[in-house]
Amino acid sequence: MTGGAVAMGAGMLSNSKAALGEGFDRNLDRGDAAILRFLAAAELVEADLWGQYAELGGVANGTPNAYQNAFMNLDGDGPQYITSNTLDEVSHADFLNAYLASKGESPVNLDAFRTLQGSKATGAQNIGRLTNLMHLTVDTSWYTRYRSTTNPDLGATFPQALNITNRSAIPVTDADFDNPTHIQAIADIAAFHFGSIEQGGTSLYAALSQKVTGAQALEITLGIGGSEIAHFLEWVDFAGNAVQGPPITDQGLTFPDFNDPPNPQLQTNLIFPIPCEFINANLPKCAVIRPLTDQFAGAQAAVQSLTASGLFSGQSKDFFATLGQLAEQADAARRLP
């Protein structure tokens, strides 16, 4: 890590005590600042991964490549959705850092960790990346969770809809464009990864919103969190489109037709949350975002989930230390009376 990056880390990563809601004279509670710092880091991570998807699978300049066509097989507007989602995440990161700076806080800078090799396929920029989309183990339990009447916050667990282990969600080289089944499978993997990422963001913002003290900080977490929900609902539908046609198999991974035979837990045309247990199992079921608790949806839980997915494969110990301490500070924040 460079000397400048060390200075950045020291400025961002003060001890956990600073996150416990101690006010100061810049009109931003310390706990709120810790929450917004972690969210800025999370949005930088999202902007990085979505940027890689957009370069290869977003709106085409000219004739679409095979990856873009594979997305259009799932939805004719798929590339536009990918490009739009990317622009949203970039705007989130830019806004959060600018807001922190406007309150006298140091913005989050992860540029020192942009060291990972991305795709070498035509269309991908030859730049360092924060994230690795080529060795993903995608958690697809979100698909079954949102079709269930039970809630992880009350102890429920959910099966994987598909077992996607150590697979690439982007073409690695131009050779991946040549096999129609292979490139469709890569796009289908991406479709489930889109849903996994955006449902995580949906729960993260909802969980951290319960901790903020300031009205303006709450306006920010609810406002950006609402955008994450909008993203998630689109990708629920998108992923369903990947598993409602003739089955395809590629390198041992099969995307079956989830509607054959019909199974409510796998139904492909459900995009809204099914009413589930909420607050207490004895209360009426309610359609909600879930999970909402620190254990499953907080900042540290988000880092653990992203790390387990392989998204940070190849990253440095300093990167994990930086992200981990930001997450610890955010989770330590408490709403002031």
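The numbers here are math on the coordinates, done by the rules we state, and not lab data. Quick caveat: nothing in here was measured; it's all calculated off a predicted structure. FYI the Cβ positions are ideal-geometry reconstructions off the backbone, even for glycines, and counts take in every protein chain you see.
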So which residues in segment 279-337 are in contact with a Pro (Cβ under 6 Å, 6 or more places away or on another chain) and of a type in the set (Val, Ile, Thr), if there are any at all? none
Name the residues in segment 256-290 that are touching a strand residue (DSSP E or B) at 6+ places or on another chain (Cβ under 7 Å) and assigned to a loop (DSSP other than H, G, I, E, B), would you? Pro275, Lys285, Val288, Arg290
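Just one of Ala206, Ala217, Ala185 is assigned to a helix (DSSP H, G or I) and within 19 Å of Gln160 (Cα to Cα); which is it?
Ala185
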Confirm whether Leu87 is of a type in the set (A, V, I, L, M) and either closer than 22 Å to Ser309 by Cβ or free of Cβ contacts under 8 Å to residues at least 40 places away in the same chain (or both). yes
Answer with yes or no whether Pro246 is under 30 Å from Gln184 (Cβ atoms), not aromatic (Phe, Trp, Tyr) and not in a strand (DSSP E or B). yes
From the list Ser309, Ser313, Ser305, which one is touching a residue at least 40 places away in the same chain (Cβ under 8 Å), touching a strand residue (DSSP E or B) at 6+ places or on another chain (Cβ under 7 Å) and of a type in the set (Ser, Thr, Tyr)? Ser309
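Here are Ala101, Ala70, Ala112: which of them is more than 19 Å from Leu130 (Cβ to Cβ) and either charged (D, E, K, R) or buried (at least 16 other Cβ atoms within 10 Å of the Cβ) (or both)?
Answer to the check: Ala70.
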Kindly list, by first and then second residue, each pair from a residue in segment 167-182 that is under 17 Å from Pro247 (Cβ atoms) to a residue that is of a type in the set (Asp, Glu), limited to pairs with Cβ atoms under 7 Å and residues at least 6 apart or on different chains. Thr181/Asp250; His182/Asp176; His182/Asp250
Any residue in segment 194-221 that is over 14 Å from Asp331 (Cβ atoms) and touching a residue at least 60 places away in the same chain (Cβ under 8 Å) sitting within a Cβ distance under 8 Å of a residue that is charged (D, E, K, R) and part of a loop (DSSP other than H, G, I, E, B)? List the pairs, counting only those 6 or more apart or interchain. Ser196/Asp139; Thr213/Asp29; Thr213/Arg335; Gly214/Asp29; Ala217/Asp29
Per the filter on segment 150-167, residues within 14 Å of Gly310 (Cα to Cα) and surrounded by 15 or more Cβ atoms within 10 Å (Cβ to Cβ) are Ile164, Arg167
Name the pairs: first residue in segment 279-297 and in contact (Cβ under 8 Å) with a residue 60 or more places away in the chain, second residue part of a loop (DSSP other than H, G, I, E, B) and of a type in the set (D, E, K, R), Cβ to Cβ under 8 Å, at least 6 apart or on different chains? Lys285/Glu277
So in segment 183-207, with the set limited to residues that are under 13 Å from Val45 (Cβ atoms) and in contact with a Gly (Cβ under 9 Å, 6 or more places away or on another chain), which one is surrounded by the fewest Cβ atoms within 10 Å (Cβ to Cβ)? Gly201
(1) of a type in the set (A, V, I, L, M); (2) buried (at least 16 other Cβ atoms within 10 Å of the Cβ); (3) not in a loop (DSSP other than H, G, I, E, B): which one isn't true of Ala175, the others all being true? (2)
Across (1) farther than 30 Å from Gln117 by Cβ; (2) touching a residue at least 60 places away in the same chain (Cβ under 8 Å); (3) aromatic (Phe, Trp, Tyr), Phe255 clears everything bar (1)
Could you figure out which of (1) surrounded by fewer than 17 Cβ atoms within 10 Å (Cβ to Cβ); (2) touching a Phe, Trp or Tyr at 6+ places or on another chain (Cβ under 8 Å); (3) of a type in the set (S, T, N, Q) isn't true of Thr268? (1)
